[in-house]
Amino acid sequence: MLILTRKKDESIIINGNIEVRILEIEDGKVSIGIKAPKEVDIFRKEIYESIEEENMKAAKIESNIDEVGKLIREK
């Protein structure tokens, strides 16, 4: 993990086309702004993890449906 120190209104550039800027620091909270191309998905980590969990559940269901389909075709 890369650890950087930034002050308000300072930013970092990722991959030459994503800018992460510190907008505000107040009461232990940091507000950040992110400029990125529209094709780049940006999620809060807890939302991303929730999406991944739902995708895993859906994949299991799809796999189970495929297995049931194979069993039906075999009979």
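What follows draws every value from the coordinates through simple rules; no lab data is involved. If you're wondering where the values come from, they're calculated on a predicted model, not measured in any experiment. A quick note on method: Cβ atoms are made from the backbone with ideal geometry, for glycine too, and the neighbour counts reach across all protein chains shown.
For Lys60, give me every one of the aspartates and glutamates with a C-alpha distance below 14 angstrom, ignoring sequence neighbours fewer than eight places off in its own chain. By straight Cα distance, Lys60 reaches Glu52. Identify the residues of region 25-51 with backbone N under 18 Å of a label point that sits 7 angstrom from the Cα of Lys57 along the Cα-to-Cβ direction, or state none. Label zone hits: 46-51.
FRET efficiency for Ile47 and Ser11, Cβ-Cβ distance as r, R0 = 22 Å, nearest 0.05? That gives a FRET efficiency of 0.45.
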